[in-house]
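Any read-out appearing in this document is the output of simple, stated calculations on the displayed coordinates, not a laboratory observation. All figures in this text were calculated on a predicted structure; none of them were measured in a lab. Here the Cβ positions follow ideal geometry from the backbone for every residue, glycine too, while neighbour counts run over all protein chains shown.
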Amino acid sequence: MRQSHQLPLLGLLLFSLIPRQLCEIFEVSKNNYTDLNPLINTMINSKYTKGIQAANVLLSLRLGGILNQCQEQQLVQQVNLTVYYKASTLTSGQLALAILALGACKTPDETSIRYPNLVKNLRNKFKAEIKNMGKHNGNPLTNYYQLSLDVLALCLFRGKFSITQVAKIFEPGNKNFYFQGQFSVDTGAMAVLALTCVKNITNGKKKTDVENLNNINNHIKSLIEKILSQKKENGLLGNIYSTGEAMQALFVSSDYYNESKWDCQQTLDTVIMEIHKGAFRIPTAAAQILPALMGKTYLNVNKDSPCVYGPGDFNISTVEPITVTPPLSPSQIQVNYSVVIIEETHSTTVSVANGSVFLDVMEAAQKENATLFGFTVEERSWGPYITSVQGLTANNNNRTFWELLNNGQPLDQGVGSYIVHEGDNLEVRWSTY
Ligand code: CBY
């Protein structure tokens, strides 16, 4: 009699001991690569992976254990070249990414001398970010996504930083977590990964540590709540491009939310659907989604563990990534384009080839009138980024930027990837975030 009463209790106990299987992630087995193939091909085709993009790609493919040694060497070389020849021009987050990528695992021929120098350099760049916040109304040189990458790399590679300072900076109410009043899921997710690393290396022996740990725990909990509040009906967290890193954040913090709050399988199914629709044509986009699909997170970066090599039968030179939709017909389309600076609007209608992207429209308008539609552009990890229009330049110190819109709605793609349609009302608007 007593025993039968205890059975349900025992069952409950056993159930709670089973590790929570959040969702069926891909196993590192060849059969399962089919869904991930478009991502892997986009990344491996080095023709499309330039400069610091290679760091994103290397980190992702190393975490997935997908590369063969030869492919890995090519990417390592590319990252090394960028780091050594462009070190002074790299932003803090770019350097952090390079360190994470180079140190994600250990190759047989590794000499481990180079990391301390890079880590020291990162520490200085991180300091410069904080200094800028002091001088410019709390605005870092870059943004909190990059500061999170900095802390993550410093934490994983034993760089020096102040835990008290980290606990203070990453207070979830800080304006740097928001763009135009909206919580940035990408930023929040990266901060959760950084804070989790810091939490894991802090032992609560000193009194200040206990206090810091308490604050960090509260920050993680609050950031996770904010990420989950951005969950869409189809399971995406924020938008398709923030979902991968948000998944990583949710993987490492399952103690901070109730299982019923996130249907991981639904998120995964939507992402797989989007892969096949070609949403991840940019190497950085592919690189940021892949680890989560393989159940990995940036906290799996481990400079002491040997690199794992996959079958590596993806062909670097011959496998093309899905091309940016070629014009289906040679026909021209008409789109409206405006430059908006506060109350002043300058509009035009331009004719571009079917299949053109936003940047093509801007170039056509510039050709027509360089004074009104002249602009400058810079290559970033997600492709071209508009830095100035009519000579007016975006500036992080006062949170200004050139916002892209269509029919009054902000776009979730950059000028190099948004494909325009007949009758679009495109706009670049001088805005603050
Ligand atoms: N990466 C970074 O430093 C960028 C961090 C990031 C949060 C990033 C998104 C997320 C990510 N995963 O990398 C980010 N964007 C930031 C910080 C910013 C700001 C840049 C200035 C600063 N303080 O550093 C700012 C100005 C708010 C911004 N992004 C603007 C824009 C628009 C760019 C327009 C232009 N002038 O060219 C745009 C197009 C939004 C708009 N409608 O105007 C935009 N961003 C987009 C769409 C995106 C997504 C890109 C998706 C895509 N397919 O191209 C993004 C992934 C990203 C890059 N931005 Co911002 C966010 C998303 O949609 N999930 C670290 C470094 C080492 O690589």
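Summary table below
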| item | result |
| --- | --- |
| Exposure proxy ranking, count of Cβ atoms within 10 Å, fewest first, for 216, 66 | 216, 66 |
| Estimated translational D of region 17-300 in µm²/s (Stokes, Kirkwood radius over Cα pairs; 4 °C; 1.567 mPa s) | 67 |
| Backbone N within region 405-433 under 15 Å of label point (7 Å from residue 372 Cα along the Cβ vector) | 426-428 |
| Length-normalised contact order of region 354-427 in % [C-alpha pairs under 8 Å, at least 6 apart] | 35 |
| 16 Å Cα-Cα reach of residue 261 towards aspartates and glutamates, excluding residues that sit fewer than 8 places from it in its own chain | 225, 233 |
| Neighbour-count order for 164, 34, 284, 243, fewest beta carbons within 10 angstrom listed first | 34, 164, 284, 243 |
| Overall Cα dimensions of region 332-432, principal axis frame, Å, largest first | 40, 30, 24 |
| 3J(HN,Hα) from dihedral phi, region 412-423, Karplus parametrisation 6.51/-1.76/1.60, rounded to Hz, x for glycine, proline | 9, 9, x, 5, x, 10, 6, 8, 7, 10, 3, x |
| Built amide H within the under 5 Å cut-off of residue 377, gap 5+ | 387 |
| 5 angstrom amide H check on residue 138, placed H, neighbours 5+ away | none |
| Length-normalised contact order for the chain - Cα pairs under 8 Å, 6+ apart - percent | 19 |
| Computed P(r) (all Cα pairs; region 141-285; 5 Å bins; percent) | 2, 10, 19, 22, 18, 14, 9, 4, 2, 0, 0 |
| Listed peptides 224-230, 38-44, 356-362 by packing density, highest first (mean Cβ within 10 Å) | 38-44, 356-362, 224-230 |
| Max mean-square fluctuation residue, GNM over the chain, Cα-Cα springs under 10 Å, options 343, 245, 171 | 343 |
| Unpartnered cysteines - no second Cys beta carbon under 4.7 Å - across the chain | 70 |
| Among 73-86, 145-158, the order from most to least packed when residues are scored by Cβ within 10 Å on average | 145-158, 73-86 |
| Where Rh is the Kirkwood radius over Cα pairs, Rg/Rh for region 211-267 | 0.99 |
| Value at 222 nm in deg cm²/dmol, rounded to 500, when DSSP H runs of n ≥ 4 in the chain each add -39,500 (n - 2.57) | -14500 deg cm²/dmol |
| Region 169-182 - phi-based ³J(HN,Hα) in whole Hz, Karplus 6.51/-1.76/1.60, Gly and Pro as x | 4, 8, 5, x, x, 4, 4, 5, 7, 10, 10, 6, x, 9 |
| Links that overshoot a 29 Å alpha carbon limit, given the list 127/232; 199/226; 106/207 | 127/232; 106/207 |
| For 186, 263, order by how many other beta-carbon atoms lie within 10 Å, fewest first | 263, 186 |
| Relative packing of peptides 92-103, 193-204 - highest average C-beta neighbours within 10 Å first | 92-103, 193-204 |
